[in-house]
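Below: the structure, in structure tokens.
The values are calculated or read from the model by the stated rules, or taken from the named source; none is laboratory data. Bear in mind the structure is a predicted one, so any value in this text is a computation, not a measurement. A quick note on method: Cβ atoms are made from the backbone with ideal geometry, for glycine too, and the neighbour counts reach across all protein chains shown. All accessible areas refer to the heavy atoms of the entire protein, side chains included, with ligands and DNA or RNA removed. Shrake-Rupley method; radii C 1.70, N 1.55, O 1.52, S 1.80 Å.
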Amino acid sequence: MRGFSSPVFFLNIEFFITEGIDNEKMLRYQENNELHRDFHGTTNTTLNYIAENYGVDALKALLRKTGHDVYKSIRVKLEKGDASELIEHLNWFFYRENGKFQLTVDGNEIRFEVFECPAHKHLKSLGMEISPYSCLQTSEVNAGMCEGTCWTSSVEILGEGHCMQIFRKKVDK
Amino acid sequence: MIPSDHFVRFYNEVFKFLDERNGLEKYYAHISAHQEFHCLKDFSEKKLKGVYDYYVKIRKEENCGMELRLEKDCIYLGMTACPSLAKAIDNDAGACPKYCLHCPGWTFPLYRKAGLFQVKDMMGLDNPACRSWIFEDREKAQKKYEELLKTCPAEMIKKNF
């Protein structure tokens with residue numbers, strides 16, 4: 001069984017984790033093999049292409065739809081108040097890409113600070129210019145995952161390749 | 001960040017978006033130009049050996065089920081388990097019916113620019129398998145193309161020349 005083995009900090013995790021969850025089944029898309037990081041390059045050029053040919057609003061809509069439809073499993077769990085797959089998704093896929101991050105879960109808030117974006121790091125290693133729309137991948141896909149649920153998302157850009165992704169559960173007053 | 005593991009599922013959404021706007025062909029040309037950054041120098045200078053080396057790397061990094069043979073006159077690339085289409089299918093968003101067409105869409109112009117001649121048997125657009133032959137000699141490529149037309153559905157056989 002795969003565990004939370006990367007540099008992760010969990011607080012009040014009992015709110016999310018149900019006894020007996022099998023991590024291998026927690027993620028809809030199981031990915032454990034080799035990585036082809038050059039895909040970040042194709043994503044980068046595609047973001048520019050869509051924005052330049054169809055407009056930034058169309059790009060945002062496309063990314064949001066990707067978050068909503070591709071990550072249906074995460075979204076459906078969020079609808080039920082269960083953030084377990086979202087947490088595992090953030091943790092596992094950034095760990096696989098050797099990202100430097102800190103994940104903090106505290107009650108109704110998930111804070112995911114990425115200190116060095118793996119995509120930006122790879123693009124720089126290739127000598128490619130980072131798309132000005134690059135961070136929309138994060139903000140719009142996260143928003144799509146949360147759409148129609150009791151969760152909201154936001155992204156604060158703290159520097160080049162450095163951001164804070166925040167997911168908050170709306171609390172009824 | 002869209003994880004590189006999930007790029008294919010984003011790509012699949014891009015194809016749906018562009019297909020609705022009749023924009024696939026123009027995008028394929030753009031991606032082909034982008035791929036020149038990764039491949040064109042080696043393909044142009046090393047010819048078949050350059051292509052072979054590229055696909056040895058791709059086979060590993062993309063976890064492909066792929067039979068790859070560098071023969072005297074050509075490269076045979078038999079995709080027996082395409083991880084790209086397989087991910088597009090294993091996807092809550094559903095696969096774009098034209099997903100497979102991106103492959104000839106970007107490779108054909110690139111090989112053409114490198115002076116290489118490609119013949120491809122798509123083997124169905126919902127089947128994560130295909131076959132390609134890449135030649136340095138146009139006449140040999142044409143001969144393979146005609147040979148395939150005798151045994152395969154014509155709409156599945158494509159060439160870049």
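Considering A:Tyr29, A:Tyr54, which residue is under 15 Å from the mean Cα position of the chain (by Cα) and within 12 Å of another protein chain (Cβ to nearest Cβ)?
Just one listed residue meets the conditions, A:Tyr29.
Residues checked against (1) open to solvent by less than 10 Å² (accessible area, probe 1.4 Å); (2) more than 14 Å from chain A (Cβ to nearest Cβ):
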{"site": "B:His30", "(1), (2)": "no, no"}
{"site": "B:Met79", "(1), (2)": "no, yes"}
{"site": "B:Thr107", "(1), (2)": "yes, no"}
{"site": "B:Leu110", "(1), (2)": "yes, no"}
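Inspect all residues belonging to the range A:162-171 and state whether any of them is over 11 Å from the mean Cα position of the chain (by Cα) and open to solvent by less than 10 Å² (accessible area, probe 1.4 Å).
no
List every residue pair whose Cβ atoms sit under 9 Å apart, with the two residues 6 or more apart in sequence or on different chains, where the first one lies in the range A:89-101 and is within 10 Å of chain B (Cβ to nearest Cβ) and the second, anywhere, is open to solvent by less than 40 Å² (accessible area, probe 1.4 Å) and among the acidic types (Asp, Glu).
A:Trp92/A:Glu31; A:Phe93/A:Glu31; A:Phe93/B:Asp5; A:Arg96/A:Glu31; A:Arg96/B:Asp5; A:Glu97/B:Asp5
Given the residues B:Lys47, B:Lys72, B:Lys16, which is the only one that is open to solvent by 10 Å² or more (accessible area, probe 1.4 Å) and within 11 Å of chain A (Cβ to nearest Cβ)? I'd like the intermediate steps shown before the answer.
On the way: B:Lys47 fails: within 11 Å of chain A (Cβ to nearest Cβ); B:Lys72 fails: within 11 Å of chain A (Cβ to nearest Cβ).
Being open to solvent by 10 Å² or more (accessible area, probe 1.4 Å) and within 11 Å of chain A (Cβ to nearest Cβ) holds for just one of B:Lys47, B:Lys72, B:Lys16, which is B:Lys16.
Could you say whether any residue in the range A:118-138 is among the polar types (S, T, N, Q), within 26 Å of A:Thr45 (Cα to Cα), part of a helix (DSSP H, G or I) and in contact (Cβ under 8 Å) with a residue 12 or more places away in the chain? Can you show your working first?
At the first step, the residues of the range A:118-138 found to be among the polar types (S, T, N, Q) are A:125, A:131, A:134, A:137-138.
Next, only the ones that are within 26 Å of A:Thr45 (Cα to Cα) stay: A:125, A:131, A:134, A:137-138.
Filter once more, so that each one left must be part of a helix (DSSP H, G or I): A:125, A:137-138.
After this cut, where a residue has to be in contact (Cβ under 8 Å) with a residue 12 or more places away in the chain as well, the list is A:137-138.
Within the range A:118-138, one or more residues are among the polar types (S, T, N, Q), within 26 Å of A:Thr45 (Cα to Cα), part of a helix (DSSP H, G or I) and in contact (Cβ under 8 Å) with a residue 12 or more places away in the chain.
For the range A:102-117, give me the residue count where each residue is more than 12 Å from every other protein chain (Cβ to nearest Cβ) and in a strand (DSSP E or B).
Narrowing the range A:102-117 to residues more than 12 Å from every other protein chain (Cβ to nearest Cβ): A:102-111, A:113, A:115.
This time we only want the ones that are in a strand (DSSP E or B), so: A:102-106, A:109-111, A:113, A:115.
Residues in the range A:102-117 being more than 12 Å from every other protein chain (Cβ to nearest Cβ) and in a strand (DSSP E or B): 10 in total.
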